[in-house]
Amino acid sequence: MITLRNYTLSENGRRIDYHYTATGSAKKFLNPNETFFVRYDHDISSCPPGIAIIPFVANFITLAWFGKFDLVVPEVDATFADSLVQLRAEFQRMYPRYPLTGVLVAPRSAPISWPATKSLMLFSGGMDAYTTLIRHHSENLDLVTILGADIEITDTTQWHRCLNHIKTEPFSGRLPHLAITANMRTFYNDNVEASLVFGWWGKVQHGPGLLGLLAPLSFIRRASLAYIASSYNVPMVWGSTQSADEKIKWGGLSVVHDAAELSRQAKAEVIAAFCQQRQESIQLRVCYSEVARDGNCGRCEKCYRTMMNLILAGVDPRSFGFPFTAETYPQLFTRLSTIRASAGLRVFWEEISRAASLALKNENFFVLTDRDSEVNFLKRLADGEINRALERNHRPWRDHLARWKFIICVRFPRFYNAGRGLVRLLRRLK
């Protein structure tokens, strides 16, 4: 059981620390060196307790469900409590092999509401986020970016670059921007992935966890909607889906999981059409793989994928923040011929292959310098060369092996370290 004793406000009402006690099986999942905290850039001290508690509940409740223990809080908004019943049923549907028996216990529960004047939008600066922003830019929006989710709290370099990008990019920079910091990925320990779900953040936590952090802001800013951009449009077990996210409600606020009907290629086409109509570009930020540089590296799979999406939408990737050169195509094929492929990755590139066939048929694609050479590369894509390479490199057993290595490392660290030492010794003896 995890019991929230109380919470305290500091830093002029901008930071909230949740003080809790863990007993029984729940104790093994929590990091003893960290309590859970959230920091806002607005004073949230006027927020009712039933709303102020939501960030804590949203990040701990999935642990309770999967870990089979109760989560006890003094009070919570009644609408949110009711929505969690439906959300748990949705996770149970996604995870039929896991008996989700943990429950939320709140002695005091009452509905809370407020007059609504605007909407909140989770915003990272990537393709998904900009698609959602384009679709709703005429509304009264606040953009919200979270430190502690995709960017670690300690990575101040990337965080400052991310904030600077959002605030100075001409399109997103026109709107109010709010920031939240939360230790949402470090308050628990490795036993969560070893004993519950391997890949916990992506497969379980991040939809409820991210959205729940918005609750105090929604009260302070009088928001009635919270937008979260869709990331995958293929059937898969994931922690942020339309059917799950839109179960979440509190106060007078509803969640919109936006653009779930659009593929990634379709999102690129939305962005391209919008920019062509307005005769301006958007600087996308899709990767954080190069700490030494500001912007997209242009060499990782996600950069290659996004550049191809844009090329097949008929626009120049360089206008959207990518270092695209004549060497990009050959480097892309070399990189993707050896990359470790997942099922999701194969879906993205199969989509690009179909888009390449259509673009060649319609003669609608961006050409950098040498049309004949670039057409040949697009033909290779359309013919499925990348798809076949990813198929060859998709080894589901590797995922199972990685999971078991992780479990052994967590549960039997001495045995794991001894095994690693033996492997290193054998390699030196060769």
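The values are calculated or read from the model by the stated rules, or taken from the named source; none is laboratory data. This structure is a prediction, so every number in the text was calculated from the model and none was measured. Cβ coordinates were reconstructed from backbone atoms using ideal geometry, including for glycine residues, and neighbour counts include every protein chain displayed.
A few points about this structure:
- Residues being within 16 Å of residue 264 (Cβ to Cβ), surrounded by fewer than 19 Cβ atoms within 10 Å (Cβ to Cβ) and among the aliphatic types (A, V, I, L, M) - total across the stretch 346-379: 2
- The helices (runs of 4 or more DSSP H) found wholly in the stretch 192-266 and carrying at least 2 residues that are in contact (Cβ under 8 Å) with a residue 12 or more places away in the chain and out of contact with any helix residue (DSSP H, G or I) (no Cβ under 8 Å at 6 or more places or on another chain) occupy 206-212, 215-220.
- Residues that are in contact with an Asp or Glu (Cβ under 9 Å, 6 or more places away or on another chain), under 30 Å from residue 204 (Cα atoms) and either aromatic (Phe, Trp, Tyr) or part of a loop (DSSP other than H, G, I, E, B) (or both) within the stretch 149-180 comprise 159, 176, listed in sequence order.
- Tabulated pairs, the stretch 361-376, first farther than 16 Å from residue 325 by Cα, second in a loop (DSSP other than H, G, I, E, B), C-beta under 7 angstrom, 6+ apart or interchain: 364/314
- Selection count where residues are over 33 Å from the mean Cα position of the chain (by Cα) and in a loop (DSSP other than H, G, I, E, B), scope the stretch 362-384: 3
- Options 83, 119: the member that is at pLDDT 95 or above, in contact with a His (Cβ under 8 Å, 6 or more places away or on another chain) and surrounded by 17 or more Cβ atoms within 10 Å (Cβ to Cβ): 119
- Considered as a group, the residues in the stretch 129-146 that are under 13 Å from the mean Cα position of the chain (by Cα) and buried (at least 23 other Cβ atoms within 10 Å of the Cβ) include one that is farthest from residue 216 (Cα to Cα), and that residue is 129.
- Hey, residue 311 part of a helix (DSSP H, G or I) and in contact with a helix residue (DSSP H, G or I) (Cβ under 9 Å, 6 or more places away or on another chain) or not: yes
- Flag for residue 113 being assigned to a loop (DSSP other than H, G, I, E, B), out of contact with any His (no Cβ under 8 Å at 6 or more places or on another chain) and touching a residue at least 60 places away in the same chain (Cβ under 8 Å): yes
Each row is one residue, and each column tells you yes or no for (1) under 15 Å from residue 91 (Cβ atoms); (2) among the aromatic types (Phe, Trp, Tyr).
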site: 210; (1), (2): no, no
site: 213; (1), (2): no, no
site: 219; (1), (2): no, yes
site: 237; (1), (2): yes, no
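- Enumeration of residues in the stretch 56-77 that are over 21 Å from residue 100 (Cβ atoms) and buried (at least 24 other Cβ atoms within 10 Å of the Cβ): 77
Matching residues to (1) farther than 21 Å from residue 284 by Cα; (2) at pLDDT below 95:
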site: 175; (1), (2): no, no
site: 187; (1), (2): yes, no
site: 199; (1), (2): yes, yes
site: 215; (1), (2): yes, no
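- Filter result (of a type outside the set (S, T, N, Q) and surrounded by 20 or more Cβ atoms within 10 Å (Cβ to Cβ)) within the stretch 319-333: 320, 321, 322, 324, 329, 332
- Restricted to the stretch 248-301, and to residues there that are at positive phi and modelled with pLDDT of 90 or more, the residue that is nearest to the chain's Cα centre (by Cα) is 259.
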